[in-house]
Amino acid sequence: MTENNFAALALSEPLLRALTAAQYSTPTPIQAAAIPQLLAGRDMIGLAQTGTGKTAAFMLPILQRLSKIGTRPMPKMPRTLILAPTRELALQIAEAARVLSKFTHLRIAVVMGGVGMGAQSKALGQGIDILIATPGRLLDHIDQGTCRLDRVEVFVLDEADRMLDMGFIRDIRRVVALLPKARQSMLFSATMPTEIDKLGQDLLKDPARVAVTPEQITVDRVEQRLYFVDAAAKRTLLVDLLQAPDMSRVIVFTRTKHGADRVAQHLAKSGIRAEAIHGNKSQGARQRALSQFKTGEARVLVATDIAARGIDVTNISHVVNFELPNEPEAYVHRIGRTARNGAAGIALSFCDSSERGQLRDIERLTKTPLVVVMGQRPTGHAGQHERPRQQQRPQQGRGQREGQNRGGRQRPRRAA
Ligand code: AMP
């Protein structure tokens, strides 16, 4: 079939050609809902997470708008600014932009922490149509005079809730204050906490609203198995389970960076090729780990929640929750890594006696009891002694647990 259903969305010929080359023939729901509104110049607030096709939903209208401008962008003055919370997400957005802009002459650049500033400054100096940036490094460039925001026509804030978790809201407000008033703005977020809603009100003018909630659907398609196991026996259990050949591409989630390293080392000692990815690794190391996982050189990727966020790897056969996350929403994000693009998936969760509170929160959120395949579900409800961990949640956000709060609340993550 050669017909491309994106044609009905009034996208230009070079974009349709790129979509065909990328083998995107049918718009995802968020694309179908968002693209016409954005092409009409509306602001947008989008409730959507990674995996829904949201990147192309905002990128295609941006590309269409920018391709109509006959002149080149001025040095240091990008025409579009896309802010992303993590380096991985920034790189992924840039990759999507490159794929979709293949038949245009638009210039794309990424500005993020963890790598030198020189090449970024040079790219900015040449004039950029689309700048994708993490907040801390963008502000560094602004402070050094290598980037100015006076000519931004389109502004996108991606994964806004994650920005909030990571303590970036002040940085974002600083950036927004530098943008011209006349612009098109979009905000995308997987959840809509009050602060994000408020930010949206300050940022957007009469925004169109689009929402896709894939979580429930994704969860429904994932077979969710539960192992009651002592904490000390988890590593052995993992190695045993990984003997099964159908565990062909596996993400193992741990709660902490050290946990991720320990699990990866243990797997390596047991002869299983695994890579760990977390916030303490350099950008190069993370990219290497990811590419070895993507090519299948490493069968297992051990990751923390934040590091895994935004990583887009298809054909994940299994997700293993080596430790249950403190936030039940993270469980849904984790298991959503398998069962992408309509496939079914399998999630294995290890629960030790200290994790009963987390398990209860997860089952309450998903409204589905996990299927116990090992051990016994403890009778009665989680006891009082399990509450302290839950009570820590308000003070100890996800970003902090990842160790990204070194610089204090206002600029917690200079590396990004
Ligand atoms: P995103 O939610 O933007 O991270 O996109 C999730 C994945 O879906 C990415 O791998 C995209 O390349 C892919 N994708 C986005 N739109 C489409 C589409 N219309 N058809 C097929 N794949 C798509």
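The values are calculated or read from the model by the stated rules, or taken from the named source; none is laboratory data. This structure is a prediction, so every number in the text was calculated from the model and none was measured. Because the Cβ atoms are built from the backbone with ideal geometry, glycine has one as well, and the counts that use them run over all protein chains shown.
Tabulated data
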{"item": "Lone unmet requirement of (1) away from the ligand (no atom under 16 Å from the Cβ); (2) in a loop (DSSP other than H, G, I, E, B) for residue 65", "result": "(2)"}
{"item": "Region 1-48, residues that are over 26 Å from residue 206 (Cα atoms) and either among the charged types (D, E, K, R) or part of a strand (DSSP E or B) (or both)", "result": "3, 13, 17"}
{"item": "Region 95-107: number of residues that are more than 16 Å from the ligand (Cβ to nearest atom) and closer than 23 Å to residue 136 by Cα", "result": "1"}
{"item": "Any hit, region 41-58, residues being touching a His at 6+ places or on another chain (Cβ under 8 Å) and closer than 25 Å to residue 157 by Cβ", "result": "yes"}
{"item": "Which listed residue, of 244, 264, 276, is assigned by TED's automatic domain parsing to the domain that holds residue 366, part of a helix (DSSP H, G or I), more than 16 Å from the ligand (Cβ to nearest atom) and aliphatic (A, V, I, L, M)", "result": "264"}
{"item": "Members of region 226-236 that are surrounded by fewer than 17 Cβ atoms within 10 Å (Cβ to Cβ) and in contact (Cβ under 8 Å) with a residue 12 or more places away in the chain", "result": "230, 231"}
{"item": "Single residue of region 146-172 satisfying the filter (at pLDDT below 95 and of a type in the set (D, E, K, R)) that is nearest to residue 96 (Cα to Cα)", "result": "159"}
{"item": "Tally of residues being farther than 20 Å from residue 191 by Cβ and either charged (D, E, K, R) or not assigned by TED's automatic domain parsing to the domain that holds residue 246 (or both) across region 325-359", "result": "3"}
{"item": "Failed item, numbered, when residue 175 is tested on (1) touching a Cys at 6+ places or on another chain (Cβ under 9 Å); (2) under 11 Å from residue 83 (Cα atoms)", "result": "(1)"}
{"item": "Which numbered condition residue 239 misses (of (1) closer than 24 Å to residue 313 by Cα; (2) without any contact (Cβ under 8 Å) to a residue 60 or more places away in the chain; (3) assigned by TED's automatic domain parsing to the domain that holds residue 29; (4) of a type in the set (A, V, I, L, M))", "result": "(3)"}
{"item": "Qualifying residue in region 370-392 (condition: farther than 23 Å from residue 277 by Cβ, modelled with pLDDT of 80 or more, under 21 Å from the mean Cα position of the chain (by Cα) and more than 16 Å from the ligand (Cβ to nearest atom))", "result": "no"}
{"item": "Qualifying residue in region 251-261 (condition: part of a strand (DSSP E or B), among the aromatic types (Phe, Trp, Tyr) and surrounded by fewer than 21 Cβ atoms within 10 Å (Cβ to Cβ))", "result": "no"}
{"item": "Meets criteria (of a type in the set (Gly, Ala, Ser) and surrounded by fewer than 19 Cβ atoms within 10 Å (Cβ to Cβ)) for residue 160", "result": "no"}
{"item": "Search result, residues across region 92-110 that are in a helix (DSSP H, G or I) and either modelled with pLDDT of 95 or more or under 17 Å from residue 125 (Cβ atoms) (or both)", "result": "93, 94, 95, 96, 97, 98, 99, 100"}
{"item": "Matching residues, region 3-14, being hydrophobic (A, V, I, L, M, F, W, C) and either in contact with a Phe, Trp or Tyr (Cβ under 6 Å, 6 or more places away or on another chain) or within 12 Å of the ligand (Cβ to nearest atom) (or both)", "result": "6, 9, 11"}
{"item": "Sole exception among (1) buried (at least 22 other Cβ atoms within 10 Å of the Cβ); (2) within 11 Å of the ligand (Cβ to nearest atom) for residue 110, by number", "result": "(2)"}
{"item": "Count of region 15-24 residues which are in contact with a helix residue (DSSP H, G or I) (Cβ under 6 Å, 6 or more places away or on another chain) and within 8 Å of the ligand (Cβ to nearest atom)", "result": "2"}
{"item": "Looking only at region 173-202, and only at residues there that are under 20 Å from residue 212 (Cα atoms) and β-branched (Val, Ile, Thr), the one that is modelled with the lowest pLDDT", "result": "191"}
{"item": "Among the candidates 164, 131, residue that is under 23 Å from residue 306 (Cα atoms), aliphatic (A, V, I, L, M), free of Cβ contacts under 8 Å to residues at least 40 places away in the same chain and more than 16 Å from the ligand (Cβ to nearest atom)", "result": "164"}
{"item": "Conditions (1) more than 16 Å from the ligand (Cβ to nearest atom); (2) part of a loop (DSSP other than H, G, I, E, B); (3) surrounded by fewer than 23 Cβ atoms within 10 Å (Cβ to Cβ); number of the one not met by residue 78", "result": "(3)"}
{"item": "Residues of region 25-49 satisfying the condition of being within 29 Å of residue 163 (Cα to Cα), surrounded by fewer than 22 Cβ atoms within 10 Å (Cβ to Cβ) and within 7 Å of the ligand (Cβ to nearest atom)", "result": "28"}
